[in-house]
Amino acid sequence: MELLPNITINHYLLVSVALFSLGILGILLRRNAIIMFMCIELMLNAVNLMLVAFSKMWGQTDAQVFVFFIMVVAAAEVAVGLAILMMLYRNMNTTSTDVLDKLKW
Amino acid sequence: MLTEYAFWFLSFVAFFSAAFMIITKNPVYSVLSLILTFFSIAGHYFLLNAQFLAAVHIIVYAGAIMVLFLYVIMMLNLNTLEEEKKSTWMKALSVVAGGILLFVLLGIVRRTDELTVIAAANGADCGLVENLGKALYRDFLIPFELASVLFLGAMVGAVYLSKKELV
Amino acid sequence: MEKLVTLIPLFPLVGFLYIIFLGKGLSKNLIGGIGSGAILLSFITSIAVFSTQLGGGNPTIVKVFDWITAGSLDIDIAFIVDPLSTIYLLFITGVGFLIHVYSIGYMHDDEGFNRFIAYLNFFVFFMLILVLGDSYVTMFVGWEGVGLCSFMLIGFWYKDMKNNDAAKKAFVINRIGDLGLIIGMCMIFMQTGTLKYDDLFITGSESSSLNGWYLHAAAIFLFIGAMGKSAQIPLHTWLPDAMAGPTPVSALIHAATMVTAGIYMVARSSDIFAASEIASNVVVWAGLLTAILGATVALTQNDIKKVLAYSTVSQLGFMFVALGLGAYSIAVFHVITHAFFKALLFLGSGSVIHGMGGEQDIRRMGGLKKYMPTTHLTFLIGTIAISGIPPLAGFFSKDQIIAFAFEENMFVFVILSAASALTAFYMFRLYFLTFHGKFRGTHDQEHHLHESPKVMTIPLVVLAVLSIFGGLIGFPHALGHTIHFHHWLDHALEKTVVMPFLDMSLNVELVLMLLATVIAAASIFFAYNKYVTKGELALEDKDIKSSTHKTLAAKYYFDEIYDALIRKPIDAASAFFAKVIEPTFIDGLVRSVSTIPTGLGNVAKLAQNGKLVMYVMAMIIGLILILITLL
């Protein structure tokens, strides 16, 4: 069945790109580590969306499997990342990334 | 017809809730708006007939990852305003960089003119659970198994990292 | 037989090397014996080689080895055996031998004795290379070598800074002359493509191709080289200062041999000078100026050796006048006789200094004739010889120069005669003030006075004999034909140019001889009158009143003029360079190698400020740039 006769792949690409840019903008603008994390998740999701759209276009399942595994990795990454963030908070008593400037000249 | 409206609606919701997420100062609001974004993306998946993925998306992302985020935020008691003033030119530069990136990417994806219509005659069913399962367990079995190892590593790492040092 | 000539420089070289490397611990007499023996062997070999040239034989080239072969440039070390070089060999080795023997006695108490004898040998080696060389290049090797040895020997007592300064002065002024010599050599080479005497003069083919302004310029530059080496105005200031060296050095180098190298070179290049009227005139006037200037300054000097030094300068001027007028063989004749009596005078003064325990000021001497009879007698003979009293050696050579001048240029004749008269006067002034009258030194010196040992007086005697009889080899043409020195030498030098020779009648020559003798005798009488009869003494420095006397005593302020004109600007310039240019630019340039990267690093390190956001921003910008290329 054809649900979206007038929606082209371009639309999906546009949406995906917009979400991706928002994610990048979020990383650049925010300094709270947790918010930055969430922006990374947003970026990953934008990519997922684009992959699924292409999968529908070509009619193959490979892209969806890829999306599946991206989700797997994202989950694992969030778990470990939040654990690191906890340690950061324990040492610095703040979640702002501005305090992480010891690796400088 | 209706689905077209649905598409546009979902896109706007996704976009604006993402924008709200990065603008708001309150981390809890951020998390909640991100959940909203995820739901709208799951809606997109439904429109694209990727049913399994839509379900998994909601369960994993909105149900597990975001909850984890909420746990951390509440544990660290971050619902107060904490961020210092950023320099204006930094913000401006970031917006400019983000905007340029947006336009560059758009320019790149513009090239795909010939693939205009999502019309795959025999591919409409590719998102069904059955087909996806077949692909997963036949062609991509090893990565599937390795994913479990990955999870094991992540679990061990997370537990180890967050242990308190015994004084 | 001519091949023996390669041995001649070898003996002193071996002597030098042996003494330097293996001479430690040997007794002084043995070292002196080795040094003198080397020169003696050279002398004997020189006699053998000389004998081949007596019959007017053809010049022979004896090649020693190839030196530089570069394209068309082919320089080899070879020796030329012809009358000019062999006669020089004789008196260099002969007088050199006597001076070596003398130094055994004179330097006996010196701790650097070994070094001294070795350096003397080294010097003789180079001098022999100089006169034996068959091309300008080989001569130049010897030329530089004698300059070096002169430097080493003048500054022999190096612990006293004044001696080092004198040695440096000698070397630097020599060097200025050497520059002229090199330029002259280059000009000759540029036009003719060769520097060998064989090609240039003897076979006669090449020197004719030297013409135009090259010829004149080359001749003048060569003469500049001679000016430096033979102490002509204006490069004469080093010779009086060189008296800081030990007396045997003054005798050997600055009376008999090194300063005559300039004469040798001009005589050897006689073809060039004879062909260039301008250059010959330059030589004459330079020599004339030197002759009269040296004579006038010598009138006022109070150090024995300085008087003799200025006398040498003046006599060298005589020789160059002769060369410039075209009387090449007469000049060489005067070189030989001058070597005899000047070496005698220097050695005699050395004996006096030795006896006085180091005192050199004649105002502190007097009446030495009863303490040092042999020295006195030989010194007197030397003084008579230099004054030009017949029949001693100096008369014949000097008279012939003056006679030649009479023929060629009346003005030169008058000035030379005046210089001759002055020569007689100041030499006898020196003699009277030193040996006659009452002793004016300290009591201790008087006790110390003694005649020098035999090893010092025997060379004096030998030289005295030579001074008396040595002139007879050049007996004038007009008076008789005993030995044809001039013809013999002219024959060697006259291949392409017909040498002018004295063609005056017997009467004119006799009158001139008589005139010269009378003038000399009159000068001696004046000196006797002033210093012996009236008993006048040389003035102390503070008593000098007349400004003429002051100027003469200050050597016409030559040193002061050079100081102001040359040394001070150079000092100022080098101070400027050292204090301004060097620290700012050179050091700055070197330091900029470190400061520029450091500065750049200081700027670049600001990019690494550790902020996460900056790094992410950098990544995004890089990503954008990469993506732009895909557009």
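The values are calculated or read from the model by the stated rules, or taken from the named source; none is laboratory data. Every value quoted in this text rests on a predicted model; they were computed, and no experiment measured them. Heads up, the Cβs are rebuilt from the backbone with ideal geometry, glycines too, and the neighbour counts pull from every protein chain shown.
A few notes on this one:
- Of the helices (runs of 4 or more DSSP H) entirely within the range C:513-599, those holding at least 1 residues that are of a type in the set (D, E, K, R), modelled with pLDDT under 85 and under 32 Å from the mean Cα position of the chain (by Cα) occupy C:547-553, C:558-562.
Residue-wise test of (1) within 22 Å of C:ALA521 (Cβ to Cβ); (2) in the same structural domain as C:MET456 (by TED's automatic domain parsing); (3) modelled with pLDDT under 90.
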{"site": "C:GLY324", "(1), (2), (3)": "no, no, yes"}
{"site": "C:GLY357", "(1), (2), (3)": "no, yes, yes"}
{"site": "C:ILE362", "(1), (2), (3)": "no, yes, yes"}
{"site": "C:GLY367", "(1), (2), (3)": "no, yes, yes"}
{"site": "C:PRO390", "(1), (2), (3)": "yes, yes, yes"}
{"site": "C:GLY394", "(1), (2), (3)": "yes, yes, yes"}
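- Among the residues making up the range A:82-105, those that are of a type outside the set (S, T, N, Q), within 14 Å of chain C (Cβ to nearest Cβ) and in contact (Cβ under 8 Å) with a residue 24 or more places away in the chain are A:LEU85, A:LEU88, A:ASP98.
- Considering residues of the range A:21-33 that are facing chain B (nearest Cβ under 7 Å) and modelled with pLDDT of 90 or more only, the residue surrounded by the most Cβ atoms within 10 Å (Cβ to Cβ): A:ILE24
- Among the residues examined, B:LEU101 qualifies as within 9 Å of chain A (Cβ to nearest Cβ), free of Cβ contacts under 8 Å to residues at least 40 places away in the same chain and either crowded, with 18+ Cβ neighbours inside 10 Å or basic (Lys, Arg) (or both).
- Count of residues meeting criterion [touching a helix residue (DSSP H, G or I) at 6+ places or on another chain (Cβ under 6 Å) and either within 10 Å of another protein chain (Cβ to nearest Cβ) or modelled with pLDDT of 85 or more (or both)] in the range B:69-90: 6
- Any hit, the range C:448-469, residues being surrounded by fewer than 16 Cβ atoms within 10 Å (Cβ to Cβ), modelled with pLDDT of 80 or more and either in a loop (DSSP other than H, G, I, E, B) or of a type in the set (Lys, Arg) (or both): yes
- Test result for A:ILE7, under 16 Å from the mean Cα position of the chain (by Cα), free of Cβ contacts under 8 Å to residues at least 12 places away in the same chain and at the interface with chain B (Cβ under 7 Å from one of its Cβ atoms): no
- Yes/no for C:THR203 being hydroxyl-bearing (Ser, Thr, Tyr) and at pLDDT 80 or above: no
- Enumeration of residues in the range C:244-257 that are touching a Leu at 6+ places or on another chain (Cβ under 8 Å) and either assigned to a helix (DSSP H, G or I) or over 17 Å from C:ILE99 (Cα atoms) (or both): C:THR247, C:PRO248, C:VAL249, C:SER250, C:ALA251, C:LEU252, C:ILE253, C:HIS254, C:ALA255
- Top-ranked residue of the range B:120-137 - restricted to ones that are modelled with pLDDT under 75 and more than 7 Å from every other protein chain (Cβ to nearest Cβ), ranked as surrounded by the most Cβ atoms within 10 Å (Cβ to Cβ): B:ASP125
- Flag: C:VAL282 does not match the condition of being under 19 Å from C:ALA242 (Cβ atoms) and among the aliphatic types (A, V, I, L, M).
- Inter-residue pairs, beta-carbon under 6 Å, first within 7 Å of another protein chain (Cβ to nearest Cβ) and free of Cβ contacts under 8 Å to residues at least 40 places away in the same chain and in the range B:9-23, second crowded, with 17+ Cβ neighbours inside 10 Å and of a type outside the set (A, V, I, L, M, F, W, C), 6+ apart: B:ALA14/B:THR37; B:ALA14/B:SER40; B:ALA18/B:THR37; B:MET21/B:SER30; B:MET21/B:SER33; B:ILE22/A:GLY26
- Test: residue in the range A:11-18 that is touching a strand residue (DSSP E or B) at 6+ places or on another chain (Cβ under 9 Å) and either farther than 16 Å from B:GLY127 by Cα or more than 7 Å from every other protein chain (Cβ to nearest Cβ) (or both): no
Residues checked against (1) free of Cβ contacts under 8 Å to residues at least 24 places away in the same chain; (2) over 21 Å from B:PHE20 (Cβ atoms); (3) in a helix (DSSP H, G or I):
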site: A:PHE20; (1), (2), (3): no, no, yes
site: A:GLU41; (1), (2), (3): no, no, yes
site: A:VAL52; (1), (2), (3): yes, yes, yes
site: A:SER55; (1), (2), (3): yes, yes, yes
site: A:GLN60; (1), (2), (3): yes, yes, no
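- Of the residues making up the range C:582-617, those that are within 24 Å of A:ASN32 (Cα to Cα) and surrounded by 12 or more Cβ atoms within 10 Å (Cβ to Cβ) are C:GLN608, C:ASN609, C:GLY610, C:LYS611, C:LEU612, C:VAL613, C:MET614, C:TYR615, C:VAL616, C:MET617.
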